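Peer 1: Got a structure for you, questions after.
The values are calculated or read from the model by the stated rules, or taken from the named source; none is laboratory data. Keep in mind that what you see is a predicted model, and the values were worked out from it rather than measured. Cβ: placed from backbone, ideal geometry, glycine included. Neighbour counts: every protein chain shown.
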Amino acid sequence: MAWSFAQINGRLAEIYFNKTKRGPKFLGHCYVGKSEYDTQRGQNWIEMDTAKFRFIYRNKKYNRLI
């Protein structure tokens, strides 16, 4: 299982997924606050990941925003 930061429905979240040959299989997510990660390393991860990953979660499906 892998995880990453992402923006889901306009909010910061941790997204959990399994890597497969066909692409990621999403397991779930949880919304977090940016203040929970007070180290510089954690803040850098948030900035890098949210720039790449933006999703909409609707009807139990994740759709990637382009």
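Peer 1: Go through (1) surrounded by 12 or more Cβ atoms within 10 Å (Cβ to Cβ); (2) at pLDDT below 95; (3) closer than 17 Å to residue 1 by Cα for residue 14 and report which single condition fails.
Peer 2: The one condition residue 14 does not meet is (2).
Peer 1: Could I ask something else about it? Please count how many residues of region 37-66 are among the acidic types (Asp, Glu), more than 14 Å from residue 2 (Cα to Cα) and surrounded by 10 or more Cβ atoms within 10 Å (Cβ to Cβ). It would help to see each step written out before you state the result.
Peer 2: Here is the first cut: in region 37-66, the residues among the acidic types (Asp, Glu) are 38, 47, 49.
Checking which are more than 14 Å from residue 2 (Cα to Cα) leaves us with 38, 47.
Okay, now just the ones that are also surrounded by 10 or more Cβ atoms within 10 Å (Cβ to Cβ), so 47.
Qualifying residue count for the region: 1.
Peer 1: Now a separate question. Restricting to region 16-43, name every residue that is part of a strand (DSSP E or B), of a type in the set (Lys, Arg) and free of Cβ contacts under 8 Å to residues at least 12 places away in the same chain. Spell out the reasoning first.
Peer 2: Residues of region 16-43 that are part of a strand (DSSP E or B), as a first pass: 16-20, 23-31.
Next cut, of a type in the set (Lys, Arg) only: 19, 25.
Answer for region 16-43, where residues must be part of a strand (DSSP E or B), of a type in the set (Lys, Arg) and free of Cβ contacts under 8 Å to residues at least 12 places away in the same chain: just 25.
Peer 1: Could I ask something else about it? Looking at 56, 46, 66, which is the one that is in contact (Cβ under 8 Å) with a residue 40 or more places away in the chain, on the phi < 0 side of the Ramachandran plot and not in a strand (DSSP E or B)? Outline the logic, then answer.
Peer 2: Values: 56 fails: not in a strand (DSSP E or B); 66 fails: in contact (Cβ under 8 Å) with a residue 40 or more places away in the chain.
After ruling out the rest, the residue left standing is 46.
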